[in-house]
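A.B. asks: Quick one: the structure is below, questions incoming.
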Amino acid sequence: MSPPVVDVDIFIAGGGAAGLTLASRMASNGYRVAVASSSIAATAISTGRVLFNHDDPAVAEWASLFLTRFRSRESNYDLLERPTVAMTNIGTPLKQSLTNSSFDWTLEDRDVAVVGVIGNNDLDSDLACLELRRSLGICARPLWISPFPYPTAANNHFVGELADILKDNISENTIVLPPISSDPTYALLTKLQNLSGKRVVEAATPLSLPGLRFQLLLEDVAEEVGVRLLKDRRLISIKIHGKEANEAVLSSGMRTIIVKFSALVLATGNLASGGLAVNGRGVIDPLNIFRVSSTQASGIHSSTLRNALSSGLDTCKGRAITKQGVVIRNVIPIGSLLKGVSYPLGYGLGEVMLEAWKSAPIVEDAL
Amino acid sequence: MMSRIEDGCIKCGTCQNACPVFRIENYPYFQGPRRIAVEAPRFSRELTSLSDSPHMCTSCALCESVCPSRLPITEAVLKMRTHYGIESEGGRRMISNINQYGRTIAPTSKFTSPVSGSTLFFPGCIGDARVPSAVQGAVDMLIALGDQVYIPNEWYCCGSPLEKIGAKSEVDRLQEMNSAILGTAERIVTACPGCTFQLQKNSNVDVLHVLEHLFEVITPSRLRWRSTNPINVALHSPCHLVRSVGPHTMDYAREILGSIAGVRVIDMDDEGCCGGGGGVTSTFPEMALKMARLRVESAIRAGAHMILAPCPFCVVNLRRVGDLEVKDLTAFLTELSLCR
């Protein structure tokens with residue numbers, strides 16, 4: 001029996017911020033687009049906070065497609081006129097320009113209690129308050145509450161109890177909590193805010209729910225504009241004839257699927273050794289047929305991280321180049337797979353999305 | 001030297017967040033995939049503190065599917081089980097049944113079916129003993145669609161549940177016993193994800209889950225059902241179907257159901273494991289029930305009249321809750337009217 005065939009104009013390998021941004025743009029322009037993703041995208045384990053270069057005209061274009069659709073999902077994301085400073089779960093400052101402003105802590109909030117939930121690793125209130133004082137000179141009060149079942153989407157009746165605790169025991173107006181639910185609508189936080197009369201905000205926590213929420217929103221928008229999401233399917237080979245790729249093989253569990261396309265976009269994440277998206281063991285098939293080089297990434301303080309994240313795929317006018325030096329006219333790498341576009345834990349979400357957005361003409365040209 | 005799983009872990013904790021057992025049974029009773037698969041073998045003195053943790057894993061493989069380093073976590077957890085040996089009451093009962101009948105449960109059902117043909121339908125132990133309607137339904141449906149389907153007179157357990165409890169020698173013995181029976185078929189079809197995966201591993205012919213058979217072999221153009229009464233169904237995604245056989249199967253299920261007039265597939269607010277796999281229903285029945293209840297409650301909240309599951313293990317475990325009708329997907333399709 002022959003494997004099933006998916007036939008599209010544009011096939012994108014990698015369903016993180018870069019892949020979904022470009023996929024959504026192309027699909028809303030009328031192209032047939034499929035996105036395959038395996039494992040968890042780095043976007044989903046990031047802080048989910050986005051910093052844009054506000055001088056870039058692509059910000060407004062990006063927002064015209066995504067932001068209105070985010071809002072229709074009650075996600076409370078706002079595009080700020082200029083970046084503000086938020087707090088991470090360990091009290092360090094984090095710049096952001098796209099934020100769920102109802103629930104984000106900003107520098108203007110000075111009357112703050114940081115509430116940890118015992119046993120919940122997402123927010124250490126003592127550590128966060130120490131670091132807040134050290135880095136920003138802000139005195140916040142660390143508190144701990146008992147780990148009664150913390151509200152989740154499934155048992156949100158605890159929201160009332162939690163609201164009472166916040167209202168009766170905490171004098172500060174702004175209360176920072178660990179991420180409270182995987183609910184992408186933030187409905188529980190709204191409820192908690194209304195019931196407690198407090199400003200309830202979430203720490204910008206990596207490896208937790210905020211990144212996952214952002215990922216789910218991007219996936220939702222992509223599906224809404226007609227992108228076909230092939231989740232948990234993994235790119236295992238690319239067929240190249242001469243200067244063109246025309247077919248890819250994906251694994252789906254124990255089976256394989258053939259994808260036929262006019263353009264292939266590689267958005268599989270950074271190649272750093274021990275890197276996340278590829279498989280944690282460095283560059284593997286089918287990506288190791290392409291030439292890799294290195295450039296000095298900017299904006300990262302740690303030199304170790306900077307070096308680790310500086311390598312990536314080499315390109316010629318946006319196209320991938322094989323190790324033998326052949327430019328493949330319809331294979332376009334985007335996002336953190338490119339050299340110099342990698343950042344730790346989602347600091348690069350903004351840049352990655354804008355660059356992916358701007359690569360649309362290259363993809364159209366390759367069709 | 002450390003294994004790949006031990007030195008490949010970046011300690012991000014994504015597996016712990018994703019684990020459906022860890023959501024309801026917390027530390028220290030259940031310690032989560034990272035602790036069982038990575039930390040315990042890495043620091044062997046912690047092995048003893050794991051207590052029952054390895055046996056509480058439903059082998060849903062959600063941990064593995066979200067692991068950024070793509071580590072084979074499920075396999076590592078099952079290895080820890082082997083390390084402890086087969087201790088559970090359920091495990092012992094299974095082995096004793098295998099010795100007596102060659103099946104994990106004593107054979108009970110008599111199916112109305114041809115005994116020879118080209119497409120061998122493999123009922124599987126759970127299908128045979130616990131959800132015979134799924135087996136009979138599938139055979140009736142395939143015959144109605146013109147398929148030369150048959151159930152052989154004799155067949156034995158595929159070995160999948162024994163692999164989950166680490167009983168390697170029984171797995172090999174069963175494969176040997178089945179080889180002559182299965183070897184003559186042109187194609188093997190099952191309604192059980194575990195059987196599909198296990199039999200395909202050792203077979204030269206295609207072993208297809210019935211959804212794959214319907215969609216890829218019989219093809220959607222010939223599948224035209226209609227429901228006389230409008231019905232909202234919640235479609236449960238069986239872990240072993242989605243993550244072992246492959247996620248395309250659920251695309252097929254959604255597409256088939258979506259094309260049926262009168263049937264509306266509604267989304268549950270979160271996907272998850274029903275608790276029916278990995279031998280947990282027999283070793284920790286209370287916990288398995290708790291997990292099933294979460295799924296059923298989610299379906300009820302979403303407004304479902306019925307849960308459909310393309311896996312007999314899920315059907316059995318979800319039915320234990322009792323608050324909502326649960327049907328095997330194939331049995332459901334068979335009961336609809338075929339438009340010819």
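The values are calculated or read from the model by the stated rules, or taken from the named source; none is laboratory data. Predicted model, so just to flag it, every value in this text is computed and none were measured. Cβ coordinates were reconstructed from backbone atoms using ideal geometry, including for glycine residues, and neighbour counts include every protein chain displayed. Heads up: the accessible areas ignore ligands, DNA and RNA and are worked out on the full protein's heavy atoms, side chains in. Shrake-Rupley method; radii C 1.70, N 1.55, O 1.52, S 1.80 Å.
A.B. asks: Within segment A:235-259, can you find the residues that are at the interface with another protein chain (Cβ under 9 Å from one of its Cβ atoms) and open to solvent by 60 Å² or more (accessible area, probe 1.4 Å)?
C.D. replies: none
A.B. asks: Next question, about the same structure. Scan segment B:286-300 and give yes if some residue there is open to solvent by 10 Å² or more (accessible area, probe 1.4 Å) and of a type in the set (Val, Ile, Thr), otherwise no.
C.D. replies: Among the residues of segment B:286-300, at least one is open to solvent by 10 Å² or more (accessible area, probe 1.4 Å) and of a type in the set (Val, Ile, Thr), which makes the answer yes.
A.B. asks: Given the criteria more than 29 Å from residue A:132 (Cβ to Cβ) and within 19 Å of the chain's Cα centre (by Cα), does residue A:47 qualify? Quick ask: steps written out before the conclusion?
C.D. replies: Details: more than 29 Å from residue A:132 (Cβ to Cβ): no; within 19 Å of the chain's Cα centre (by Cα): yes.
Answer is no for this residue.
A.B. asks: Moving to a separate point now. Looking at this structure, is residue A:187 within 14 Å of chain B (Cβ to nearest Cβ) and of a type in the set (Gly, Ala, Ser)?
C.D. replies: On the way: within 14 Å of chain B (Cβ to nearest Cβ): yes; of a type in the set (Gly, Ala, Ser): yes.
Criteria met by residue A:187.
A.B. asks: Please note which strands (runs of 3 or more DSSP E) are completely contained in segment B:92-209 and include at least 1 residues that are in contact with a Leu (Cβ under 6 Å, 6 or more places away or on another chain). Walk me through how you get there before you give the answer.
C.D. replies: Values: elements: B:119-122, B:187-190, B:207-209.
Where strands (runs of 3 or more DSSP E) fall fully within segment B:92-209 and carry at least 1 residues being in contact with a Leu (Cβ under 6 Å, 6 or more places away or on another chain), they are B:187-190, B:207-209.
A.B. asks: Further question on the same structure: Working only within segment A:128-146, note down all residues that are within 14 Å of chain B (Cβ to nearest Cβ) and not in a loop (DSSP other than H, G, I, E, B). Before the answer, list the steps.
C.D. replies: Taking segment A:128-146 as the starting set, the residues that turn out to be within 14 Å of chain B (Cβ to nearest Cβ) are A:146.
None; the set is empty.
A.B. asks: List the number of the failed condition for residue B:217; all other conditions in (1) within 10 Å of another protein chain (Cβ to nearest Cβ); (2) over 22 Å from residue A:249 (Cα atoms) hold.
C.D. replies: (2) is the only condition that residue B:217 fails.
A.B. asks: Separate question: What's the total number of residues in segment A:30-67 that are assigned to a loop (DSSP other than H, G, I, E, B), more than 28 Å from residue A:207 (Cβ to Cβ) and touching a Leu at 6+ places or on another chain (Cβ under 6 Å)?
C.D. replies: The qualifying residues number 1.
A.B. asks: Of the residues in segment A:317-357, how many are more than 30 Å from residue A:205 (Cβ to Cβ), open to solvent by 10 Å² or more (accessible area, probe 1.4 Å) and within 23 Å of the chain's Cα centre (by Cα)?
C.D. replies: 1
A.B. asks: Quickly run through segment B:192-244 and pick out the residues that are of a type in the set (Val, Ile, Thr) and within 21 Å of residue B:172 (Cα to Cα).
C.D. replies: Taking segment B:192-244 as the starting set, the residues that turn out to be of a type in the set (Val, Ile, Thr) are B:196, B:205, B:207, B:210, B:217-219, B:228, B:231, B:233, B:242.
Residues satisfying the conditions are B:196, B:205, B:207.
A.B. asks: When you go through (1) touching a residue at least 60 places away in the same chain (Cβ under 8 Å); (2) out of contact with any Phe, Trp or Tyr (no Cβ under 8 Å at 6 or more places or on another chain) one by one for residue A:239, which number turns out not to apply?
C.D. replies: Going through (1) touching a residue at least 60 places away in the same chain (Cβ under 8 Å); (2) out of contact with any Phe, Trp or Tyr (no Cβ under 8 Å at 6 or more places or on another chain) one by one, residue A:239 breaks only (1).
A.B. asks: Considering only residues that are modelled with pLDDT under 85, part of a strand (DSSP E or B) and touching a Gly at 6+ places or on another chain (Cβ under 9 Å), which ones fall in segment A:68-127?
C.D. replies: A:100
A.B. asks: Select from segment B:106-123 the residues that are in contact with a Cys (Cβ under 9 Å, 6 or more places away or on another chain) and open to solvent by less than 30 Å² (accessible area, probe 1.4 Å) and list them in ascending order. Walk me through it before giving the result.
C.D. replies: Filtering segment B:106-123 down to residues in contact with a Cys (Cβ under 9 Å, 6 or more places away or on another chain) leaves B:107, B:122-123.
Scanning segment B:106-123 gives B:122, B:123.
A.B. asks: Another one. Filter segment A:220-234 down to the residues that are touching a residue at least 12 places away in the same chain (Cβ under 8 Å) and within 13 Å of another protein chain (Cβ to nearest Cβ), then identify the one that is farthest from residue B:242 (Cα to Cα).
C.D. replies: Within segment A:220-234, the first condition is being touching a residue at least 12 places away in the same chain (Cβ under 8 Å), and the residues that meet it are A:220-222, A:224-234.
Now narrow it down to the ones that are within 13 Å of another protein chain (Cβ to nearest Cβ): A:220, A:228-234.
Values: A:220: 20, A:228: 17, A:229: 15, A:230: 12, A:231: 10, A:232: 9, A:233: 11, A:234: 14 Å.
The residue in question is A:220.
A.B. asks: So the check is Cβ under 6 Å with 6+ separation or different chains; which pairs have a first residue in segment A:25-38 that's at pLDDT below 95 and a second one that's surrounded by fewer than 24 Cβ atoms within 10 Å (Cβ to Cβ) and not in a loop (DSSP other than H, G, I, E, B)?
C.D. replies: Final answer for the pair search is A:37/A:231; A:38/A:234.
A.B. asks: Looking only at segment B:161-170, filter to residues that are touching a helix residue (DSSP H, G or I) at 6+ places or on another chain (Cβ under 6 Å) and open to solvent by 10 Å² or more (accessible area, probe 1.4 Å); which one of those is modelled with the highest pLDDT?
C.D. replies: Among residues in segment B:161-170 that are touching a helix residue (DSSP H, G or I) at 6+ places or on another chain (Cβ under 6 Å) and open to solvent by 10 Å² or more (accessible area, probe 1.4 Å), the one modelled with the highest pLDDT is B:170.
A.B. asks: Let me ask something additional. Do we find a residue being at pLDDT below 95, crowded, with 16+ Cβ neighbours inside 10 Å and within 12 Å of chain B (Cβ to nearest Cβ) anywhere in segment A:279-293?
C.D. replies: Within segment A:279-293, one or more residues are at pLDDT below 95, crowded, with 16+ Cβ neighbours inside 10 Å and within 12 Å of chain B (Cβ to nearest Cβ).
A.B. asks: Follow-up. Quick one: which of B:241, B:199, B:208 is free of Cβ contacts under 8 Å to residues at least 60 places away in the same chain, within 12 Å of chain A (Cβ to nearest Cβ) and not acidic (Asp, Glu)?
C.D. replies: Numbers: B:241 fails: free of Cβ contacts under 8 Å to residues at least 60 places away in the same chain; B:199 fails: free of Cβ contacts under 8 Å to residues at least 60 places away in the same chain.
Residue meeting the stated conditions: B:208.
A.B. asks: If residue B:247 meets every condition in (1) free of Cβ contacts under 8 Å to residues at least 24 places away in the same chain; (2) out of contact with any Gly (no Cβ under 9 Å at 6 or more places or on another chain) apart from one, which number is that one?
C.D. replies: That leaves (2) as the condition not met.
A.B. asks: Turning to a different aspect of this structure: Does at least one position in segment B:301-310 carry a residue that is hydrophobic (A, V, I, L, M, F, W, C), within 14 Å of chain A (Cβ to nearest Cβ) and farther than 26 Å from residue B:195 by Cα? Spell out how you get there, then give the answer.
C.D. replies: Our first condition is that a residue be hydrophobic (A, V, I, L, M, F, W, C); within segment B:301-310, this holds for B:302, B:304, B:306-309.
From the residues that got through so far, the ones that are within 14 Å of chain A (Cβ to nearest Cβ) too are B:302.
Applying the additional criterion that residues be farther than 26 Å from residue B:195 by Cα yields B:302.
Yes, segment B:301-310 has at least one match.
A.B. asks: Could you check segment B:127-146 and list, in sequence order, the residues that are touching a residue at least 24 places away in the same chain (Cβ under 8 Å), open to solvent by 30 Å² or more (accessible area, probe 1.4 Å) and over 12 Å from residue B:334 (Cβ atoms)?
C.D. replies: Listed by number, the residues that qualify are B:130, B:132.
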